[in-house]
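Novice: Input: one structure, supplied below.
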Amino acid sequence: MVSEDFWRQLLLVLPLTAVMGVLLGLNIILALRRQARALQDLARHLALEKCDSIRRSVRNLDTFLFPMCLVELPEFLQMGQLVRHEVAREAGQLRCFESHEADGVSASSGTVFVSHQWAGFDHPDPEGRQYSSILLALQGLQERGIACGYIWVDYTSIPQVNEFQQQAAVNSLAVYASHCSVLVAVAPTCTHADTGAEVNLQTYGSRGWCRLELLSYKTGSGLRSGDATIYICDDSGLRNGAADESIADQSILHVLGGSFTCCSRKHPDNMPCDRHKIRDVLLGIYWRLSCIKRDGDLVLASWAREMLQIADTDTEKYFPSHSMYRTASGAQLQEHFDGYLPLLREMFATDSEQGSDSDQHAFVRGTFFTV
Ligand SMILES: [Zn+2]
């Protein structure tokens, strides 16, 4: 027999258990909702950060974050070799310009953007072969009637010691290129001082930095002036590089697929990866291509459409979400364009819908084009 007390206690315990069960269930539901809201907030925060990065990249398309440092031709000829930025600065050999001055300099005297591959880890030209080839290129350009009043070359024009100044100059690379009147890819055959490997036109075309410089020029200055001619100067002298496979559009668009010295050296002392440094420049270039497709004349718009089609058909190849950052002690994933391009396209569509009366739209149009 079960006592009456047992039933009384059971009648008390059962509702209490049920209430506690309901409360526990509610608590779990609330905790899950809180967690979902926190995740949503985090996703929104990350998206906003990405939007800010994109806005910054677009704004920087026409801004020198670091002055454009050039060397006048007579001074460059007197140098006798490629000189490090800091040494040239101390010697008073640099002429530094802000963005509103650079076009005037380029129009009146001619500014040559020299793109080349480094033949040593710490010095771009230990044997002087690059410098000799640059002189040959300048002579060839002048013989073709192209003005060469000022020279831009990375080792001399970009700070090599202060990493913050260097990053600011790197972020302005696409802007520097767009303010130059001519680009010459200098690629003599020589031997890399540290690896012993041959350096030539083919290896030049495989370098990530060289591809970025070519892409910056083609989407900037070349298209602004309507002449995107790239000259090549290798062992056979100076020539128009229009038909050269090593600098074909499909290849120069594949910047992150190019080789980078930091990666091949496995980032000694955990040095930052160059692939990571150039994300903002590439976001700006993607925006620029979208502008050309929207605003350019028939030929330019069709070129930009083709470039964007190549990029959009295989986004992971041209604008990868992540890549591996390898060091001697291991590897870790580093973010590049994870989620950026869909946001950029959305922002660009909104910008386009706002029409030409919008300040932002006018600003973007004015960035590289007067339509
Ligand atoms: Zn690297």
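Novice: Residues of the stretch 286-315 being within 16 Å of the chain's Cα centre (by Cα) and not aliphatic (A, V, I, L, M), which ones?
Specialist: Those that are within 16 Å of the chain's Cα centre (by Cα) and not aliphatic (A, V, I, L, M): TYR286, TRP287, ARG288, SER290, THR315.
Novice: So if I check each of ALA43, ALA31, which one is open to solvent by less than 100 Å² (accessible area, probe 1.4 Å), in a helix (DSSP H, G or I) and modelled with pLDDT under 85?
Specialist: On the way: ALA31 fails: modelled with pLDDT under 85.
Checking each option against the conditions leaves just ALA43.
Novice: List the residue pairs whose Cβ atoms are under 8 Å apart, where the first residue sits in the stretch 238-262 and is in contact (Cβ under 8 Å) with a residue 12 or more places away in the chain and open to solvent by less than 10 Å² (accessible area, probe 1.4 Å), the second is of a type in the set (A, V, I, L, M, F, W, C) and within 13 Å of the ligand (Cβ to nearest atom), and the two are 6 or more positions apart or on different chains.
Specialist: VAL255/ILE278; GLY258/TRP209; PHE260/TRP209; PHE260/CYS273; CYS262/MET271; CYS262/CYS273
Novice: What pairs come up if the first residue lies in the stretch 88-112 and is in a loop (DSSP other than H, G, I, E, B), the second is small (Gly, Ala, Ser), and their beta carbons are under 6 Å apart, counting only those six or more places apart or on different chains?
Specialist: LEU94/ALA88; GLY110/ALA147; GLY110/GLY149; GLY110/SER181
Novice: While we're here: Which one is farthest from ILE292 (Cα to Cα), of the residues in the stretch 28-83 that are among the polar types (S, T, N, Q) and in contact (Cβ under 8 Å) with a residue 40 or more places away in the chain?
Specialist: Applying the filter and picking the extreme gives GLN81.
Novice: The conditions are (1) open to solvent by less than 20 Å² (accessible area, probe 1.4 Å); (2) over 30 Å from TYR340 (Cβ atoms); (3) outside the structural domain of ASP234 (by TED's automatic domain parsing), and SER53 fails exactly one of them. Which is it?
Specialist: (2)
Novice: Further question: If you scan the stretch 246-264, which residues turn out to be of a type outside the set (S, T, N, Q), touching an Asp or Glu at 6+ places or on another chain (Cβ under 9 Å) and within 16 Å of the ligand (Cβ to nearest atom)?
Specialist: Of everything in the stretch 246-264, those that are of a type outside the set (S, T, N, Q), touching an Asp or Glu at 6+ places or on another chain (Cβ under 9 Å) and within 16 Å of the ligand (Cβ to nearest atom) turn out to be PHE260, CYS262, CYS263.
Novice: Related question: Which residues, counting only those in the stretch 116-147, are open to solvent by 10 Å² or more (accessible area, probe 1.4 Å), assigned to a loop (DSSP other than H, G, I, E, B) and farther than 19 Å from ARG89 by Cβ?
Specialist: GLN117, TRP118, PHE121, PRO126, GLU127, GLY128, ARG144, GLY145, ILE146, ALA147
Novice: Mind checking whether some residue in the stretch 177-189 is modelled with pLDDT of 95 or more, surrounded by fewer than 24 Cβ atoms within 10 Å (Cβ to Cβ) and either within 23 Å of GLY284 (Cβ to Cβ) or more than 16 Å from the ligand (Cβ to nearest atom) (or both)?
Specialist: Checked against the condition, which is being modelled with pLDDT of 95 or more, surrounded by fewer than 24 Cβ atoms within 10 Å (Cβ to Cβ) and either within 23 Å of GLY284 (Cβ to Cβ) or more than 16 Å from the ligand (Cβ to nearest atom) (or both), the stretch 177-189 yields at least one hit.
Novice: Being touching a Pro at 6+ places or on another chain (Cβ under 9 Å), open to solvent by less than 50 Å² (accessible area, probe 1.4 Å) and closer than 29 Å to LEU300 by Cβ is the requirement here; does LEU214 meet it? First the steps, then the outcome.
Specialist: On the way: touching a Pro at 6+ places or on another chain (Cβ under 9 Å): no; open to solvent by less than 50 Å² (accessible area, probe 1.4 Å): yes; closer than 29 Å to LEU300 by Cβ: yes.
No: the conditions fail for LEU214.
Novice: From the list ARG239, ARG275, ARG288, pick out the single residue that is more than 16 Å from the ligand (Cβ to nearest atom), among the basic types (Lys, Arg) and touching a helix residue (DSSP H, G or I) at 6+ places or on another chain (Cβ under 8 Å). Can you show your working first?
Specialist: On the way: ARG239 fails: touching a helix residue (DSSP H, G or I) at 6+ places or on another chain (Cβ under 8 Å); ARG275 fails: more than 16 Å from the ligand (Cβ to nearest atom).
Result of the check over ARG239, ARG275, ARG288: ARG288.
The values are calculated or read from the model by the stated rules, or taken from the named source; none is laboratory data. Since the structure is predicted, the reported quantities are computational estimates derived from the model, not experimental observations. Glycine gets a Cβ as well: all are built from the backbone with ideal geometry, and neighbour counts include every protein chain shown. Protein only, heavy atoms only, side chains kept; ligands, DNA and RNA dropped before computing areas. Shrake-Rupley method; radii C 1.70, N 1.55, O 1.52, S 1.80 Å.
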